[in-house]
Amino acid sequence: MDKCGRTLFDSITCVVFLFLDFLDAVLCVVFKLVDEFFEGNACTPCYCGKAGDKNGENKETEMLSESLYGRKYMLRNMGFLGFARKWRIYRKKKDDRDGSVNEGLMVNRWSDCGCQSCFSWMKKGYDQKLHVVVKNLPQGRGDETAENVIFLHGFLSSSSFWTETIFNNLSESVKDHYRLFAVDLLGFGRSPKPNDCMYTLLDHVERIDKSVILPFHLNSFHLVAHSMGCLIALALAAKYPKFVKSVTLVAPPYLPCAIDGATTSLMALNTFAGKTLWPPLAFGKSVMSWYEHVGRCFCFLFCRNHRIWEMILKLFTLRRELNFMEVDLTRHTHYSAWHNMHNVICGGAKLMDKYLEILNKSRSVKVCIIHGDHDMEVPLDCSNNMKMKFPELVELNKIENVDHTSVILGRVREFAKSLEHIWASS
């Protein structure tokens, strides 16, 4: 009976994702035409072609995750997605003939929100630095002897993940001696969401450099990161192994690197957003991560109109203010979320062993992992594998009966005390 049920479930799954393959192919054509109408030469190409269809090889294209072009579609394998490639070739020939260039990628896309909070970073004169919330020392205390901590949030989140929770639960002695920096990562919250950026680990590290480390003259700091932010934290620590005193990773999406980096990226996509119908959250992740144009439709409906949905939610729940997680969920563009998913979570997976080797050799950085044993989004095996591969570098703390978010939000005071202990012992 179980075998028959499993066969039926697999058959339904196959049919659903085959339909999504077809729907994404149709939407590819629709978006190409609409983008051309609204944006002209500024329209951004999609990834419906094959890897060999990339227009030229440069430093940017080399850093793209293989999961962008390596996602397998039945219709792509049958040649049904050739329209994107043919349209791009046609546009290039037309642009070359007309003498036009692909300018204006910084303009707001027609399918993105243009409200004040989403659009402010594009105003003339804006320096395009990341939005950073700084918790300074009490007045009268000098910054010279202060310790510094940089907090990095996870996917589809913002600095509020830390400022609304941990910042308020640290002890007074810590607040008197530590400067706290909570960063809105590139593409999320109130930070820039450019359409001419690939959102690679290098892009994130460079923005944190320009927004936090250089302007505040940090020559010593701790790092605390959740989920996707863990990959960025390790990249940052590998760049500044002499500056970083400790790295605290919560549910790091780590996979042992295969000999072929492309295999690791595709493995990450299947591990963290594999195609499945159940549970519903996993189905949503798979649709948004595998189907570029279907995902863009959802972002058009919800992210572009987030103010309307927030108002509706307030009316139905009779609340004057929404929870920060409800607000953060739609404060991004499809372009920024799509590229962060593939180029940071999937593409960054193949670089993690390299960064950890640097930290392991430095002998000066302490890496502490905190992971819930009921985490369904980032399996506990990820942290176990990191501990097994780098036993001397990594300290693993497994928390029972908590999941991906409740490992922090369900035990805020305990988590704050853990951070204080890590900082004090570093």
Original post:
Given the residues 190, 207, which is the only one that is open to solvent by 10 Å² or more (accessible area, probe 1.4 Å) and in a helix (DSSP H, G or I)?
Top reply: 207
Subject >> residue 321 being at pLDDT below 95, open to solvent by 20 Å² or more (accessible area, probe 1.4 Å) and not small (Gly, Ala, Ser) >> reply: yes
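Which residue is nearest to residue 154 (Cα to Cα), if the candidates are limited to the range 236-257 and must be assigned to a helix (DSSP H, G or I) and open to solvent by less than 10 Å² (accessible area, probe 1.4 Å)?
236
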Original post:
Right, residue 198: in contact with a helix residue (DSSP H, G or I) (Cβ under 9 Å, 6 or more places away or on another chain), touching a residue at least 12 places away in the same chain (Cβ under 8 Å), open to solvent by 10 Å² or more (accessible area, probe 1.4 Å) and among the hydrophobic types (A, V, I, L, M, F, W, C) or not?
Top reply: yes
Original post:
Could we say that residue 356 is surrounded by fewer than 17 Cβ atoms within 10 Å (Cβ to Cβ) and of a type in the set (A, V, I, L, M, F, W, C) here?
Top reply: no
Subject >> the range 4-35, residues that are of a type in the set (Asp, Glu) and touching a residue at least 12 places away in the same chain (Cβ under 8 Å) >> reply: 21, 24, 35
**OP:** Tally the residues that are aliphatic (A, V, I, L, M), closer than 17 Å to residue 231 by Cβ and open to solvent by less than 60 Å² (accessible area, probe 1.4 Å), restricting the search to the range 258-275.
**Re:** 5
**OP:** Find all pairs meeting these conditions: Cβ atoms under 7 angstrom apart; at least six residues apart or on different chains; first residue within the range 272-300 and farther than 20 Å from residue 112 by Cα; second residue part of a helix (DSSP H, G or I) and basic (Lys, Arg).
**Re:** 273/285
Subject >> Which listed residue is over 14 Å from the mean Cα position of the chain (by Cα), among the aliphatic types (A, V, I, L, M) and buried (at least 20 other Cβ atoms within 10 Å of the Cβ), from 223, 218 >> reply: 223
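For (1) open to solvent by less than 30 Å² (accessible area, probe 1.4 Å); (2) modelled with pLDDT of 95 or more, each residue gets a yes or a no:
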| position | (1), (2) |
| --- | --- |
| 362 | no, no |
| 367 | yes, yes |
| 370 | yes, yes |
| 375 | yes, yes |
| 383 | yes, yes |
| 398 | no, yes |
| 402 | yes, yes |
| 409 | no, yes |
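The values are calculated or read from the model by the stated rules, or taken from the named source; none is laboratory data. What you see is a predicted model, and the numbers here were worked out from it, not measured in a lab. As a convention, Cβ positions derive from the backbone with ideal geometry for all residues, glycine included, and neighbour counts pool all protein chains shown. Surface accessibility is based on the protein's heavy atoms, side chains included, excluding ligands, DNA and RNA. Shrake-Rupley method; radii C 1.70, N 1.55, O 1.52, S 1.80 Å.
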